[in-house]
2 protein chains.
Amino acid sequence: MAGLASSIERRNGVSLWRQIADKILQGIAGGDFAENAALPPEMALAERYGVNRHTVRSAIAALVQDGVLRAEQGRGTFVLSRKRLSYPIGARTRFSTGLQGQTSERHIALLSSATEPASRRIAEALGLAKGAAVIRLETRGEADGHPVSRATTWFDAKRFAGIEAAMAETGSITASLKRFGINDYLRQSTVLSARHADADDLVAMELQPGAIVLVTVAVNVTLDGQPIQFAESRFPAERVELRLSAGD
Amino acid sequence: MAGLASSIERRNGVSLWRQIADKILQGIAGGDFAENAALPPEMALAERYGVNRHTVRSAIAALVQDGVLRAEQGRGTFVLSRKRLSYPIGARTRFSTGLQGQTSERHIALLSSATEPASRRIAEALGLAKGAAVIRLETRGEADGHPVSRATTWFDAKRFAGIEAAMAETGSITASLKRFGINDYLRQSTVLSARHADADDLVAMELQPGAIVLVTVAVNVTLDGQPIQFAESRFPAERVELRLSAGD
DNA sequence: TATAGTTGTCTATATCAATAGACAAATTTT
DNA sequence: AAAATTTGTCTATTGATATAGACAACTATA
C-alpha cells in the first residue's frame, strides 16, 4: 500500500539508517516479506532507497540486534517474522478475550502501584473531587511472554481499596473488579493518539529507542454509567494494531 | 500524564534536538503550556533534559520554523498554541459531521485519481476478482484551511465510474456516493496503526520531517453489507486525536 | 540607571552519520 | 572448479550532531 516507492528524508533529525529500518519493519508488518523470506540484497536496498550500502547495513544491523532479522554471510538476510497482533477495541473489549486464537498465553503483570491525590483530569473522569485519593496501577500486558502493552490506570481509592493486590493475584482487570461486585462494565469513551515511546515504556516493553506507540485514553463505566476506571494504554505500533469492530 | 520526567535516548538514530522538539510538541498538545505561555528558558530545558543549551536551541529553531513557537530576544520563547482536533470514528462517522463546533470550514480536496488493477488485498476487501479495475483517489482533508488528514481510497471502477469527478466537484465522499444511489453506508471494520509519515504525506500535510501519523484502514459497506469503499487514512498525531464514542 | 535574566551569535572540538572504494569470507550457481 | 552473488571488514573523507565557553543584544525589574 502506501510507501511502495516512498522515499527517504534527509536532514530532519532522524538518521537515514533508522528511517530505512522503520521501512523494513513496516514491510514485514505489512506482509511484503513472507515468513523466513530473504530480504533483497544490501545493494538492491541501497539502490531502492538511494543511499549507500553501508547505510543499509546500519539499518539491518539494528534490526538484527533487535532480533527481527538474521544475516548469514554469503546467503542473505532473513526475516524472523513476528507478525503484528490485532487488538480489538470497542465498548466490550477485554484484554484477554480479544486475542483469542492469536496467542496461546496472555496476562497482565502489575509493575507497581501507588495511592495519590487525583489530578483534575482524573478526578473529572472518575466523578471525584479534585485531590481525592486514587490508586494508580502501572501494568504491562504480555502475550506469549512478549510485552504488547503498557498501561497506567486509576481507580477511586475509597471504593477499590486493595485492588492492587487483586490485580497482582489474578493478572486480570475483569477478575479484580468482580471482587468489588462489578460483573460487567463498558468502555464509555476512548481517545486515540500516537507518539514516540518515552524512556520508561522503552524499557518496560523492550522496544528499540525511537519506537512509536499507539495511545488510548479510556474511561470504563458500570452498566448504569458510573465511572470506575480511567486508563492510558500504550501499544507498540510495530507489534500491535487496533481493530474496531462494526457493531461492538 | 506520561512523560513527566521521562528522559532522552542517545544513539538511537533520532537526534537529540528532534526528540526534544517532539517532547515540547507533546507538552503543548497535552496542555502543559497555556495559550501564549512562555516556555521555560533554554538553560532550564537544557538541564531538564540533560543536554547542552545549543541542542535545545536546535529543537526550538525547528519548532519556530514550523510556526509552533515564537522566540523573542531578551523576553522568552512563546507558544503559538494550535490545539489538537478530536476526530470521532465509529460505524457512522463522516468527515464533516464529526468536527462540528471545532472548526468553521472543512472539506476534502481531491489531489489525484487513477484507474488501476486491484491488488489482492483490495480485491478481497471489495469483493472483486484480483486484477479487476478499481479507481484510486488521493485526497486531503482540510479544516480551516489546514490539512488534517490524507487518504487513499479505492472504489470498484465499474460501479463507480466517474466518482473522481463527483469528488472534485462536491468535496465530499458522502455526497459523491449519493450520485450512485447510495444514501447511507456503514464502516464495516477499522484497523488502526501508527508510523512515521512518508515523504509524500509530509508534503501533502505540511508536516515537519519525522512526524508521526495515525493510520486507519477501513472498509465501508452499504446497509445490506455490500462493500463499496476501501480506504487508508493518515492523520498527523500532533494535530489530531481519534475519539471512539460509546454507542456508535 | 544598574542589574539580572533571556535569546542570539561566534569559535572550537569531538563524535556520529553517510558516502566511497577495496577486498575478504562464505555460499550458491554455472 | 570456476564464477557469480552476497555478507563482513577495513580505511578514508565529508557533513551533521552535540558539547563547551564566551560574549553581544535585548528586555524586564530592582
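The values are calculated or read from the model by the stated rules, or taken from the named source; none is laboratory data. Everything numeric in this text was worked out from a predicted model, so none of it was measured. Virtual Cβ from ideal backbone geometry, glycine too; neighbours counted across all protein chains shown. What goes into the accessible areas is simple: the full protein's heavy atoms, side chains included, and nothing from ligands, DNA or RNA. Shrake-Rupley method; radii C 1.70, N 1.55, O 1.52, S 1.80 Å.
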Computed over the stretch A:85-244, protein heavy atoms only, probe 1.4 angstrom, the accessible area per residue in square angstrom equals 39 Å²
The rounded separation in angstrom of the Cα centers of the stretch A:193-248 and the stretch B:173-245 is 20 Å
Magnitude of the Cβ-charge dipole (Lys and Arg +1, Asp and Glu -1) of the stretch A:16-79 about the Cα centre, nearest 20 debye, reported as 160 debye
Ordered by number, the residues of the stretch B:224-246 that have at least 30 Å² less accessible area in the complete protein assembly than on their own chain alone (1.4 Å probe) are B:Glu232, B:Glu241, B:Leu242, B:Leu244, B:Ala246
Interface buried area B-A, accessible surface with 1.4 Å probe, both sides summed, nearest 100 Å², comes to 3900 Å²
Buried by partner chains in the stretch B:191-219 (accessible area down by at least 50 Å² vs chain alone, 1.4 Å probe, heavy atoms, protein only) are B:Val191, B:Leu192, B:Ala194, B:Arg195, B:His196, B:Asp198, B:Ala199, B:Ile212
Output row for B:Phe78: copy-to-copy label distances, label 7 Å along Cα→C-beta, ascending, in nanometres, one decimal, is 6.2
Looking only at aspartates and glutamates whose Cα falls under 16 Å of A:Lys23's and that sit 8 or more positions away or on another chain, we get A:Glu9, A:Asp32, A:Glu42, A:Glu47, A:Asp66, A:Glu238, B:Asp198, B:Asp200, B:Asp201
Given the candidates B:Thr174, B:Leu186, B:Gly131, the one whose Cα lies deepest towards the positive end of the charge dipole of the stretch B:127-248, counting +1 at each Lys or Arg C-beta and -1 at each Asp or Glu C-beta, is B:Gly131
Ignoring ligands and nucleic acids, A:Arg243 exposes an accessible area, probe 1.4 Å, in Å² to the nearest 10, of 80 Å²
Residue-normalised value, i.e. accessible area per residue, for the stretch B:16-79 at 1.4 Å probe, in Å², stands at 53 Å²
Expected integer from the mean partner chain Cβ neighbour count at 10 Å over B:177-189 is 1
If each part is reduced to its alpha-carbon centroid, the stretch B:44-62 and the stretch A:102-172 end up apart, in Å, by 34 Å
If labels are modelled 7 Å from Cα along the Cβ direction, A:Ala37 lies from its partners in the other copies at nm distances, smallest first, of 4.9
